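The structure under discussion appears below in the form of structure tokens.
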Amino acid sequence: MLIVIMVIAGVIGVSVLVGTAVIVSRKRAQVRREELSEKAKDLGMEFRVDGDTRLQEELNPLGFFQTGHSKKLTNLMQAETEIASMHAFDYAYTTGSGKNQTHHTHSVLAISSDQVALPPFQMRPEGFFDRVGAKLGMQDIDFESHPRFSELFVLKSVDDEGTRRFFDAKLLTEFESREGLRLEAERNWFVYIKPHMLPPVQIREFIDEGFRLFQLFADRVDRDAGQA
């Protein structure tokens, strides 16, 4: 009888803990939505708590958005400028299944522009296993002229030669002083990714930084146009 009581008490205890965790999580999500909505208003941006299905479909072909399942694009802040459309949002997805599930959350800035056509590439910080993979001949675009860049980043593309030409000396030198960036581009899309969800107070800085990075690539496109 005592064992039965202990089991029941244990089940009730776990249920209470799970229920409390769910309530706390929902409360935090609500506070985040409210703070981001206010931030969007301050920045003169439109806010859509449930995201935008069409935007998510347009981004799906990019490698980052093909990872995992149960994908959610929420807390979307967006605005138009003279040369681009900006979309800042929370992005979550799950890898694995059952007890082996892992949930991933990110802050993402996606910028589209009909005036800036970029080569398809993925650029992220280089880690230990990337260095091991490079020794085994796995794909990574390196630059002998800029070893610091090659040490800091993994650069991959379905168009190696086109991407190698695009990353000229000025662009490579610029990124040698910018560690930890994760970027992706394809056609008229440029995406800046943080490996976690930023607190609302940091969102403006994140958007400003992402637009500055986009401008570096826009300037690179202009250099090609000037040589034509």
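The values are calculated or read from the model by the stated rules, or taken from the named source; none is laboratory data. Given the structure is predicted, the values throughout are model-derived calculations rather than measurements. Using ideal geometry, Cβ is built from the backbone for each residue, glycine included, and neighbour counts are taken over all protein chains shown. Surface accessibility is based on the protein's heavy atoms, side chains included, excluding ligands, DNA and RNA. Shrake-Rupley method; radii C 1.70, N 1.55, O 1.52, S 1.80 Å.
Among the residues here, Ala117 qualifies as aliphatic (A, V, I, L, M), more than 18 Å from Ile193 (Cβ to Cβ) and open to solvent by 60 Å² or more (accessible area, probe 1.4 Å). Within segment 122-150, residues that are assigned to a loop (DSSP other than H, G, I, E, B) sit with their Cβ atoms under 8 Å from residues that are open to solvent by less than 80 Å² (accessible area, probe 1.4 Å) and modelled with pLDDT under 50, at 6+ positions apart or across chains, in these pairs: Asp140/Gly133; Asp140/Ala134; Asp142/Ala134. Within segment 159-173, does at least one residue satisfy the condition of being open to solvent by less than 70 Å² (accessible area, probe 1.4 Å), basic (Lys, Arg) and at pLDDT 95 or above? No, that holds for no residue.
From Arg48, Arg28, Arg32, which residue is open to solvent by less than 60 Å² (accessible area, probe 1.4 Å) and basic (Lys, Arg)? Criteria check complete, one pass: Arg32. Within segment 213-221, identify whether any single residue is out of contact with any Phe, Trp or Tyr (no Cβ under 6 Å at 6 or more places or on another chain) and open to solvent by 70 Å² or more (accessible area, probe 1.4 Å), and answer yes or no. No, every residue in segment 213-221 fails to be out of contact with any Phe, Trp or Tyr (no Cβ under 6 Å at 6 or more places or on another chain) and open to solvent by 70 Å² or more (accessible area, probe 1.4 Å).
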